[in-house]
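Presented below is the structure to which this report refers.
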Amino acid sequence: MTVSVIIPTYRREAPLRGCLAGVLAQRHPTFEVLVVDQSPAHEPQTWTTLRELPPHAHHLRLARPSVTAAVNAGVRRAVGALLLFLDDDVEIHDRDLLARHERHYVDSGIGGVVGRIVNAERPADLDRPAAGGSLGFLSMNFDHPHPMDVPTAAGANMSFRRELVERLGGFDERYTANAFRWETDFSLRVTRAGYRIRYDPEARVVHHYGTPGGCDNAHLLGRTAGSHVWYEPFFRNNTYFALKLLGGGDRARFLWRLYREHVLNRGFASAGPAFLARRHAALLKGAAGGWRAWRQLRTGR
């Protein structure tokens, strides 16, 4: 099976070069690499790396930064029957990462695979291997040694059948900016189509979550002034996700948890009234944007 490795990248330099080195060292007999680049500029060393890619690796440029548009562009260009998506700030030390993903697809019931994602900045939580219930995707742990079926994949290290991605219409480009929940959106559509998603702890990468660039997810649970700007699309994407894919009590529980964890958690509550006013303003603007995106989806605009 030919594997197409799709790496969306935005404003990353040394991490991207390291990721590419790990991918290009893979022992898989038939694979291609698609670097979908949304960066306005690069360091000279990165340009050299991209210009000197081997024939089975391709550098694609997108003018508008969007992780969902980038992965869809990669899907359209890909030739492989298996699509492996990697973040541009992961390290790969295993030369058989592609093979570890591929081996699961002999089971026709497997629609996707998510590999182990080791957080480079903090130790693993090995005692929390699974999350249950209809909102189990909110408490996923992708760094433990137990293979199992899971409700969602994570974009840092996940694969899907190309045929399934195309049949489900690709990734929803209404998730914008930090694009929170884009992988869970697609994962829910995969499982609701009757397929399973398998977690493989042997398909391992090391993820540098706090690396500048990309979706700037270092702002998650942040208390800086810049975090309020980042949180507005975060609330927009989560509101859109809840309206699109959750119903009834699940939607209410999801939104309440969103509020308690990202607006009025203990740390934020102690930050003072000015901070809370700005975080609530980001919530209101983001929620309104998510509602508009959902209305556009429903009306076909």
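The values are calculated or read from the model by the stated rules, or taken from the named source; none is laboratory data. Values in this document were obtained by computation on a predicted structure and should not be read as measured data. Virtual Cβ from ideal backbone geometry, glycine too; neighbours counted across all protein chains shown. Areas reflect the complete protein model, heavy atoms only, side chains present, ligands, DNA and RNA absent. Shrake-Rupley method; radii C 1.70, N 1.55, O 1.52, S 1.80 Å.
Normalised by the number of residues in the stretch 153-301, what is the relative contact order in percent for Cα pairs under 8 Å and 6+ residues apart? Mind dumping the intermediate values first?
Values: 120 pairs, mean separation 36.7, N = 149.
Relative contact order here is 25 percent.
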J(HN,Hα) series, the stretch 45-61, from Karplus relation 6.51 cos²θ - 1.76 cosθ + 1.60, nearest Hz, glycine and proline x = 5, 5, 4, 4, 4, 5, 5, 9, 4, x, x, 8, 10, 10, 10, 10, 10
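Sort Thr46, Thr2 from largest to smallest accessible area, using a 1.4 Å probe on the heavy atoms of the protein chains. Please report the intermediate quantities before stating the final value.
Values: Thr46 0, Thr2 50 Å².
Greatest to least solvent exposure: Thr2, Thr46.
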With a bin width of 10 angstrom, please list the P(r) values of the stretch 111-203 as percents of all Cα-Cα pairs, from the 0 bin to the one holding the largest distance.
-> 16, 50, 29, 5
Select from His56, His104, His144 the residue whose mean-square fluctuation is largest in a Gaussian network model of the chain (Cα-Cα springs shorter than 10 Å).
-> His56
With a Cα-only, solvent-free Debye model of the stretch 165-285, what are the log10 I(q)/I(0) values at q = 0.12, 0.14, 0.20, 0.22 Å⁻¹?
-> -0.55, -0.73, -1.23, -1.32
Cα pair count fraction exceeding 20 Å, expressed as % - the stretch 1-94 | 28
Considering only the chain, percent of DSSP beta bridges that pair antiparallel, nearest 5 | 35
If Lys and Arg each add +1 and Asp and Glu each add -1, what is the summed charge of the other residues whose beta carbon sits under 13 Å from the beta carbon of Arg204?
-> -3
Tell me, what is the percent relative contact order of the stretch 235-301, built from C-alpha pairs under 8 Å that lie six or more residues apart?
-> 58
Among the stretch 230-266, those whose backbone N falls under 18 Å of a label point 7 Å along Cα→Cβ from Arg192 are 237-255
Using θ = phi - 60° and the Karplus form 6.51 cos²θ - 1.76 cosθ + 1.60, what ³J(HN,Hα) does each residue of the stretch 20-27 get, whole Hz, x for Gly and Pro?
-> 4, 4, x, 5, 5, 7, 5, 8
With every protein chain left in place, what is the accessible area per residue of the chain in square angstrom, probe 1.4 Å?
-> 44
Rounded to the nearest 0.05, what FRET efficiency is calculated for His56 and Thr224 with R0 set to 45 Å and r the Cβ-Cβ distance?
-> 0.60
Between Arg77 and Val106, what length in nm is gained on full extension when 0.36 nm per residue of separation is reduced by their alpha carbon distance?
-> 8.0 nm
When the dipole is taken about the Cα centre of the chain, and only Lys, Arg (+1) and Asp, Glu (-1) are charged at their Cβ, what size is it in debye, to the nearest 20?
-> 1300
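Would you please give the FRET efficiency between His280 and Trp47, computed as 1/(1 + (r/R0)^6) with r the Cβ-Cβ distance and R0 = 41 Å, to the nearest 0.05?
Working: r = 43 Å, r/R0 = 1.05.
After rounding to 0.05, the efficiency reads 0.40.
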When the Cα centres of the stretch 217-252 and the stretch 135-174 are compared, how far apart do they sit, in Å?
-> 19
Can you give the charge dipole size of the stretch 96-202 about its Cα centre, rounded to the nearest 20 debye, using +1 on the beta carbon of Lys and Arg and -1 on the beta carbon of Asp and Glu?
-> 260
Expressed as a percent, the accessible surface of the chain that is carbon or sulfur, using a 1.4 Å probe and the full set of protein chains, is 55
Tally Lys/Arg at +1 and Asp/Glu at -1 over every other residue whose Cβ is under 12 Å from the Cβ of Tyr175; what's the total?
-> 0
Given charges at beta-carbon only (K, R positive; D, E negative), |dipole| of the stretch 142-301 in Debye = 720
Mean ellipticity per residue at 222 nm, deg cm²/dmol - from DSSP H runs of n ≥ 4 across the chain, formula -39500 (n - 2.57) | -12500 deg cm²/dmol
